[in-house]
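S.K.: So that we are looking at the same thing, I have put the structure below in C-alpha cells.
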Amino acid sequence: MADVFNWQLGRKMRYRFPEAHPEWQFAAVFNINRCIACQTCSMACKSTWTFSEGQEYMWWNNVETKPYGGYPHQWDVHLLQMLEQVNPGGQTWDAANKDAKTAPYGTYQGMTIFEAAAKQNAGQEALGYLPKDEDWTAPNLYEDTARNGTGDLRRPKPVSLPEHETWFFYLQRICNHCTYPACLAACPRNAIYKRHEDGIVLIDQSRCRGYRKCAEECPYKKPMFRTTTRVSEKCIACYPRIEGADPLSDGVPMETRCMSACVGKIRLQGLARLNSDGTWAEDRSNPLYFLVHVERVALPLYPQFGTGPNVYYIPPRWVPRPYLRQMFGPGVDDAIARYELPSRELTAVLQLFRATRTVIFRYEIQEGPKVRDVTVGGKTWSLYNDTVVGFDKRGREAVRITVMEPFYERPSDRYINSV
Amino acid sequence: MKRLGLTRGRRAALPLGLLVAAVLLAVAGVNPVRSQNPLLVAPAASGKVSTTNLYSSVWDQAPSVDVTLSMQNVTNPMGGGEVATVRARALHDGKRLYILLEWGDSTRDLTLGLTQYGDAAAVEFPRTPGKTVPSFCMGDVAPDRGVNIWQWRAVWQEDIATKQASASIQALHPDMQVDLYPFRNDPVYMTARDVNNLVSIPARTTPIDNLVANQFGTLTDAPQQDVHGLGEWRDGRWRVLLYRDMTQPAGMPSLSPGTTTNVALAVWDGARGNRDGMKSVSSFLDLQIAARTAGGGGLHWGAGQTLALLIGMFGAATVGLFVLIYAVVRPPER
C-alpha cells in the first residue's frame with residue numbers, strides 16, 4: 001500500500017501500488033453540451049471491437065441519459081450511495097484550498113473508493129459492487145426521461161434559463177484509462193497493466209482468469225466479463241490507432257473509433273505529457289492542456305472516486321449545479337462560466353473538435369477580423385473569425401479551420417431551381 | 001487431578017478410553033487433523049487405481065484425513081471459509097500420485113453468467129520437495145521457493161462431459177436473437193482463446209490446470225499440462241480425483257516412494273461467490289509417499305496390518321486391564 005498524489009483531488013491518497021506515471025497519457029475532452037445521443041460512437045466501437053459471441057452486452061462506449069439512465073443501471077448512484085454509507089456526509093471539498101497545478105478544483109476532504117475500502121476492511125482494494133445480469137440488459141433504459149423540478153413528470157414547469165426546471169442530458173462514457181485504475185488495483189493476478197508509452201489500461205488476455213474483481217471494483221464499470229472466453233475484456237482505447245499502426249494513420253497517432261465517428265463534434269482526443277508526479281507537464285499549445293488546465297472548462301467524471309479519470313467533460317449549462325458538482329466536482333461553476341462566454345482563444349480551439357482524426361499535439365491561432373459584438377447577460381462578447389491550425393505529432397499541419405463556417409453565395413441566375 | 005474429582009479407577013480408565021478411541025479411529029481410517037502436524041499418507045495401491053470410478057474400492061486402502069479449512073485473510077481479495085473441511089486421501093502406484101478430495105456442497109456450480117462462479121478445488125506442492133518449504137500462501141518470491149498448483153474447475157469438467165464450451169451464449173440465453181456474428185470462425189475475435197489462455201480454450205482434455213506461483217499475483221500456467229483427473233457431484237458432495245506422474249522435469253516437483261513433501265488444499269464454492277483468493281484453504285500438510293513394500297512406512301492395508309492391529313488391540317486391552325486391577329486392589333492413600 002502506498003501514498004500517491006492525485007492532483008484532481010489536490011492531495012495524496014492511498015493506492016495499492018506506488019506512483020509510476022507514464023510518459024504520455026491518453027486523454028479526451030467530451031463536450032456534453034453538443035451531444036445529440038445519436039450513438040454513432042457506440043456503434044463505431046461495437047462494430048470494431050465487440051461484435052462477437054459473448055460480447056453482446058458489451059458497450060465499451062455507451063451514451064446514457066442522466067439523471068435516470070446508466071449502463072449498467074444505476075452504476076454511479078449505486079456507488080455514491082455505498083460511499084455515503086461508509087463515510088456519511090463526508091464527501092465534501094475545500095474549494096478554497098486551490099493551486100493551479102496541484103489542486104485546480106480545491107482539496108477533496110471525503111473518502112476515495114480506495115480509502116473507503118480500507119475503512120470498511122472488507123478484504124478488497126476498492127469499494128465496489130458487481131452489477132447483476134439484469135443491470136446490463138438495456139443500455140438505454142430511461143432514455144430521455146427528464147427530471148422535473150416539481151417531481152411530477154406529467155406537469156413539467158416551463159423552462160427558465162439558465163437552468164431548466166425539467167432537464168436531462170447525455171453522458172458519453174468510455175474507459176477513463178485512469179491514472180490510478182481501480183481495476184488494476186483490484187486484479188489479484190496482476191493481469192491488468194497501464195502502458196508506459198500512452199497510459200492506456202489493458203487486460204492481458206493471456207493472464208486473466210475471469211475472477212471479475214476488475215468488473216467489481218472499477219467505479220465506471222468498464223471491464224466486462226465475457227462468458228464465451230471466461231475472461232474479462234475492456235476498452236482498449238483503439239491502441240493500434242494511438243500507436244500510429246493503423247494503415248490510415250500515416251504513422252502518427254490517430255483518434256479512436258468512437259472519437260473520430262462523432263457526428264455531434266463533441267469529442268477531442270489526444271495525448272498529454274506527464275510530469276513524474278502525474279500532473280500534466282506544461283504544454284500551452286496542446287489543445288487538451290488548454291481546455292483542462294488553462295481554461296479549465298473540462299472536468300473529470302466523479303473525481304471523488306479517486307481513480308484520476310482521463311476523460312474530461314465540458315459540463316452541460318442547463319443542469320442544476322448541485323447535481324453537476326456531485327458529478328464533476330467543485331470546478332463546475334467556473335467551467336460553465338468560461339464556456340458560456342468563451343475567450344477568443346477558447347472559441348477557436350473549440351473548432352478543433354472533430355475537424356480531423358489525426359491527434360493534434362499543437363495548435364496555432366491566426367487572428368482574423370471581428371465578426372460582431374453580442375450582448376450576453378448584460379456583457380458584451382465579441383466574435384472573431386480566427387483561424388486555428390492543428391499539427392500532428394511530427395509537427396505537420398493536420399487541420400486548418402476558421403471560427404466562422406466558410407460561406408459562398410452562388411449566383412442565383414446560373415442554376416435551375418437554385419441547385 | 002483432585003480438581004476433576006475423579007476416583008483413581010476412573011483416572012486409570014481415561015488413558016485407556018483414549019487408547020481405545022484412537023484404535024477405533026485407526027480402524028475406521030479417519031485421522032482427525034486440526035492445525036498441528038497433519039499428515040496425509042499416500043500408500044502404494046494394491047491393484048489398479050481407477051481414473052474413471054471415483055467410488056472404487058481401491059480408495060479403501062487410503063487413510064483419509066479431514067482437513068480443516070479456513071478463510072483466506074492474508075491478501076486481497078479476502079474471503080471463503082464457508083467450506084469447513086475437506087476429506088483428503090492419497091494413493092500412488094509407483095508411477096503416479098493420486099489425490100482424492102471430497103467435500104460437501106449443496107449446489108453444483110458452473111461458471112455461467114456474469115455474476116456466477118464455478119466450484120473448484122486445488123492442491124499445492126512446494127516446487128522443490130524436501131529442500132525448502134515455501135509459504136503455503138502461493139509460495140515465496142525466491143526461485144527455489146515457488147509452488148506447483150493443480151486446480152480443478154467444475155466448468156472444465158462440464159466442458160469435457162458435454163464436449164463443448166458449456167457456458168455458451170445459447171446455453172445462457174436460449175431465447176436471445178442475434179442477426180449475425182461477423183467473422184464467427186476467426187479466432188482473433190475470441191482474443192483470450194487466440195492467445196492460448198487455458199481458461200478460455202473450448203476443447204479441454206483435462207479439467208485440471210497445472211500452475212506455478214512465486215508469491216501472490218504470480219500464478220501462471222506451467223509449460224506442461226500433465227495433471228489429469230475427474231470430478232463428480234453426487235448427493236450434495238463433490239468428489240474430485242487429481243493425478244500426475246511422480247517423475248517430473250526440472251523445475252517441477254518430482255516425488256518418489258519413501259519421500260515426504262507438503263501439500264495444501266483449497267476449495268471454492270461458486271454459489272458463495274468464491275473465486276481467486278476468496279476460498280477455503282488449509283495450510284501445509286505433510287504428504288508421505290509410502291514405500292512400495294508393506295510395512296515400509298506406508299499404510300498399505302493387508303493381512304499384516306490386520307494382524308498388527310489385532311495384536312495392538314490385545315496388548316492395549318491387557319495393559320488397561322492390569323491398570324484397572326491395580327487401581328481397584330491397591331488401598332487408598334492416606
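Each value in this text was obtained by applying a stated rule to the coordinates, not by laboratory testing. Computed from a predicted structure; not experimentally measured. Please note: Cβ atoms are built from the backbone with ideal geometry, for glycine as well, and neighbour counts cover all protein chains shown.
S.K.: Based on the alpha-carbon gyration tensor of region A:2-84 and its eigenvalue square roots a ≥ b ≥ c, which shape applies: rounded if a/c is under 1.5, prolate if not and a/b is larger than b/c, or oblate?
M.R.: Judged from the Cα gyration tensor, region A:2-84 comes out prolate (a/c at least 1.5, a/b above b/c).
S.K.: Another one. In debye, nearest 20: dipole of the protein assembly as shown around its Cα centre with unit charges on the Cβ of K, R (+) and D, E (-)?
M.R.: Taking the Cα centre of the protein assembly as shown as origin, the dipole is about 1740 debye.
S.K.: Given the rule -39500 (n - 2.57) for each run of at least 4 DSSP H residues, summed and divided by the residues of chain A, what is its mean residue ellipticity at 222 nm, to the nearest 500 deg cm²/dmol?
M.R.: Helix contribution divided over all residues of chain A: -4500 deg cm²/dmol.
S.K.: List the chymotrypsin sites (Phe, Trp or Tyr not before Pro) in region B:37-108 that DSSP assigns to loop (not H, G, I, E or B) and whose Cβ has at most 14 other Cβ atoms within 10 Å. Which are they?
M.R.: B:Tyr55
S.K.: If you don't mind, there's one more thing I want to ask. Can you list, largest first and rounded to whole Å, the semi-axes you get for the protein assembly as shown by taking the square root of 5 times each eigenvalue of its Cα gyration tensor?
M.R.: For the protein assembly as shown, the semi-axes come out at 66, 28, 23 Å.
S.K.: Once you mark the chymotrypsin sites (Phe, Trp or Tyr not before Pro) that are in a DSSP loop and have at most 13 other Cβ atoms within 10 Å, what is the longest gap between them in chain A?
M.R.: Counting only loop sites that pass the neighbour cut-off, the longest clear stretch is A:1-406.
S.K.: May I pose another question? With +1 assigned to the C-beta of every Lys and Arg and -1 to the C-beta of every Asp and Glu, and no other charges, what is the dipole magnitude of region A:58-127 about the Cα centre in debye, to the nearest 20?
M.R.: Result for region A:58-127 is approximately 100 debye, rounded to the nearest 20.
S.K.: Which of rounded, prolate or oblate describes region B:33-301 when judged by the alpha-carbon gyration tensor and an a/c cut-off of 1.5?
M.R.: prolate
S.K.: List the DSSP H helices in chain A whose Cα atoms stretch 30 Å or more along the helix axis and whose mean Kyte-Doolittle hydropathy is at least -1.0.
M.R.: Flagged H segments: there are none.
S.K.: Packing-wise, with mean Cβ within 10 Å as the measure, how do B:175-182, B:267-274 rank, highest first?
M.R.: Result, highest mean first: B:267-274, B:175-182.
S.K.: Which residue, A:Asp76, A:Asp373, A:Asp246, tops the fluctuation ranking in a GNM of chain A built on C-alpha contacts under 10 Å?
M.R.: The residue with the greatest mean-square fluctuation here is A:Asp373.
S.K.: Let me ask you something else. Under 10 Å, Cα contacts only: if you run a Gaussian network model on chain A, which one of A:Lys119, A:Lys46, A:Lys66 comes out with the highest mean-square fluctuation?
M.R.: Checking each option, the largest mean-square fluctuation is seen for A:Lys119.
S.K.: Under a point-charge model restricted to the Cβ atoms of Lys and Arg (+1) and Asp and Glu (-1), what is the dipole moment magnitude of region B:33-301 relative to its Cα centre, in debye to the nearest 20?
M.R.: The calculated dipole for region B:33-301 is roughly 640 debye.
S.K.: Which value, in Å³ per residue, describes the convex hull spanned by the Cα atoms of region B:78-125?
M.R.: Each residue corresponds to 133 Å³ of Cα convex hull volume.
S.K.: Same structure again: Scale the Cα Rg of chain A by the rule-of-thumb value 2.2 N^0.38 Å and send over the ratio, two decimals.
M.R.: The value comes to 1.00.
S.K.: Let me ask something additional. By a straight-distance test (C-alpha under 24 Å), which lysines pair with B:Lys48 as possible cross-link partners, with residues fewer than eight away in the same chain excluded?
M.R.: Result set, ordered by chain and number: B:Lys95.
S.K.: Taking just the alpha carbons, could you work out the radius of gyration and Dmax for region A:273-419, both in angstroms?
M.R.: Rg, Dmax (Cα atoms, Å): 18.7, 65.
S.K.: For region B:219-269 and region A:36-103, what is the centre-to-centre distance using only Cα atoms, to the nearest Å?
M.R.: Result: 43 Å between the Cα centres.
S.K.: Lys/Arg Cβ at +1, Asp/Glu Cβ at -1, dipole of region A:1-147 taken about the Cα centre: which of A:Gln39, A:Ala100, A:Tyr71 is farthest positive-ward?
M.R.: With unit charges placed on the Cβ atoms, the residue in question is A:Ala100.
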